[in-house]
Amino acid sequence: MMTKDQYIESLRKLNLNLWMFGKKVENPVDDPIIRPSLNSFALTYELAEDPEYDDLMTATSHLTGKKINRFTNIHQSTDDLIKKVKMQRLLGQKSGACFQRCVGMDAMNAVYSSTYEIDEACGTKYHENFVKFLTRVQDEDLAVDGAMTDVKGDRGLAPSKQADPDLFLHVVERTEDGVYVTGAKAHQTGYVNSHEVLVMPTISMREGDEDYAICFSCPTDAEGITLIYGRQSCDTRKLEEYNSIDVGNQTYGGHEVLVIFDRVFIPNENIYLNGEVAFAGMIVERFAGFHRQSYGGCKVGVGDVLIGATAVAVEMAGCAKASHVKDKLIEMVHLNETLYSCGIACSSQGAPTKSGGYLIDLLLANVCKQNITRFPYDIARLAQDLAGGLMVTQPSEADYRNPELQPYIEKYLKGVASVPTEDRMRILRLIENITMGTAAVGYLPESMHGAGSPQAQRIMISRQGNLEAKKDLAKHIAHIEGK
Ligand code: SF4
Ligand code: FE
């Protein structure tokens, strides 16, 4: 496995064509806007080195028998699925942000089991191809980004019916050795911190969409790829002269980028689906299922940090004993643990696929994610309720560092007399960061839309909910004819 330092050094070798604020980024590793996201990603390596977290952070490869980082593991049991969620909660607690490596893990697990079944049905060699890629990822402990979401254009039209054919990523030319692809993947979490990208189709496909039913991997810096960094609320605070208090979370963060593929060549051995339209939906459903499970871990860990920050803030303000305050903190814990329960439940009810890799219970994973589209917003609302307005109206760190102003700020922003005012400012900025700042991208809108927007889960719940069986149960008890 790579150490944290080896991982960071390995990223320096990438030659990414990355743009931010209209300019090319020559050194993403040391860029002050990007670096916190790299620090979060690096935690997935750092904690794997720590014997205390060995059981959660590492696994044994079913391919080679070697010890590997759990983020490169193919789940071999329900125990593996549960440990995955626990690992994600741990990382959320340690970073207070999105640590990004889950997308690749979820993509690899989806593609592993799907390619096995595609080969069985179609006589293709995709699984063999994929196992070669996976073995390299495990041996070299590579960081992999999973790329699913196309930009989609007119949502009412199928991929092949769009006015612009590139609005879904597709094959533009086939040669004996491979294919050329063009298109874009949006909201790509952690791409800049990854060595490889595993690209999947974004929706179920039908006849006529063959060129769009494409799944492959390639290096993140492959020729023809352009990256445009996503803006986050309050991101430029990281560039200010005083950039410790106001950023809220100085060390950790997350990022998303728009990834543009312009005639990128993919050799045959890195292709895992190529035109078998009937199987695009299987990859999508499994990836989405795994990623919906993931949120029952990572968002809960960030929720733990937010609840803790809120509890500290009310203590600093001297109102921790008020009964409504205690009750609101209890409500936050209740909501957060409900999310965790769903993550654990869909894992414990997982089952093996034909490949041997384990899949979560899809109904429960979708229920998990549906709750994720709501409860973090409720938790954030309660955090803002208890934190008070100072979270968004307090002066800047630059004002606080000004000798003329500091005495005033010290005096008038004081809560409980024994608490340093600076500490109070710090904890309020952390709450601001998670509920409105850079980390809010991961904690709120990503809870809404990541791994599929709410309606996507409702469609799956309606498919998997087995209403007919429930009707039969009722008819039987009511002694209605026929049951
Ligand atoms: Fe992992 Fe959560 Fe970030 Fe997705 S949002 S990559 S599950 S930490
Ligand atoms: Fe996500």
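The values are calculated or read from the model by the stated rules, or taken from the named source; none is laboratory data. All values derive from a computational prediction rather than experimental measurement. Note that we place each Cβ from the backbone using ideal geometry, even for glycine, and neighbour counts take in every protein chain shown.
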Would you be able to tell me the number of residues in the stretch 119-153 that are in a loop (DSSP other than H, G, I, E, B) and among the hydrophobic types (A, V, I, L, M, F, W, C)?
4
Taking the stretch 196-216 and keeping only residues that are buried (at least 21 other Cβ atoms within 10 Å of the Cβ), more than 16 Å from ligand 1 (Cβ to nearest atom) and either under 23 Å from the mean Cα position of the chain (by Cα) or assigned to a strand (DSSP E or B) (or both), one is left with Val199, Pro201, Thr202, Ile214, Cys215, Phe216
Of all residues being surrounded by fewer than 22 Cβ atoms within 10 Å (Cβ to Cβ) and among the polar types (S, T, N, Q) in the stretch 64-110, which is farthest from ligand 2 (Cβ to nearest atom)? Just the residue, please.
Thr64
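Condition check ((1) within 16 Å of Gly357 (Cα to Cα); (2) assigned to a helix (DSSP H, G or I); (3) touching a strand residue (DSSP E or B) at 6+ places or on another chain (Cβ under 6 Å); (4) touching a residue at least 40 places away in the same chain (Cβ under 8 Å)) across all residues:
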{"site": "Ile74", "(1), (2), (3), (4)": "yes, no, no, yes"}
{"site": "Asp80", "(1), (2), (3), (4)": "yes, yes, no, yes"}
{"site": "Lys84", "(1), (2), (3), (4)": "yes, yes, no, yes"}
{"site": "Gln93", "(1), (2), (3), (4)": "no, yes, no, yes"}
{"site": "Gln100", "(1), (2), (3), (4)": "no, no, yes, yes"}
Residue pairs within 6 Å by beta carbon, gap of at least six or interchain, first lying in the stretch 165-180 and closer than 17 Å to Val259 by Cβ, second in a helix (DSSP H, G or I) and hydroxyl-bearing (Ser, Thr, Tyr), listed first then second, are Phe168/Tyr212; His170/Tyr212
Just checking, does the stretch 273-294 include any residue being surrounded by 22 or more Cβ atoms within 10 Å (Cβ to Cβ) and not in a helix (DSSP H, G or I)?
yes
Looking only at residues that are more than 18 Å from the chain's Cα centre (by Cα) and within 12 Å of Lys238 (Cβ to Cβ) in the stretch 31-48, which one is surrounded by the most Cβ atoms within 10 Å (Cβ to Cβ)?
Ile33
Across (1) more than 16 Å from ligand 2 (Cβ to nearest atom); (2) touching an Asp or Glu at 6+ places or on another chain (Cβ under 6 Å); (3) closer than 25 Å to Gly442 by Cα, Arg155 clears everything bar (2)
What number of residues within the stretch 182-224 satisfy the criterion of being among the basic types (Lys, Arg) and more than 14 Å from Asn274 (Cα to Cα)?
1
What residue, among those in the stretch 165-179 that are in contact with a Lys or Arg (Cβ under 9 Å, 6 or more places away or on another chain) and part of a loop (DSSP other than H, G, I, E, B), is surrounded by the fewest Cβ atoms within 10 Å (Cβ to Cβ)?
Phe168
Restricting the stretch 180-195 to residues that are buried (at least 23 other Cβ atoms within 10 Å of the Cβ) and either more than 18 Å from the chain's Cα centre (by Cα) or at positive phi (or both), the residue that is nearest to ligand 2 (Cβ to nearest atom):
Gly190
Output for Cβ contacts, cut-off 8 Å, separation at least six or different chains, first residue of a type in the set (D, E, K, R) in the stretch 255-275, second modelled with pLDDT under 95 and in a helix (DSSP H, G or I), reads Glu256/Val441
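Select from the stretch 99-127 the residues that are within 16 Å of ligand 1 (Cβ to nearest atom) and either of a type in the set (A, V, I, L, M) or within 11 Å of the chain's Cα centre (by Cα) (or both) and list them in ascending order.
Selection gives Phe99, Gln100, Arg101, Cys102, Val103, Gly104, Met105, Asp106, Ala107, Met108, Ala110.
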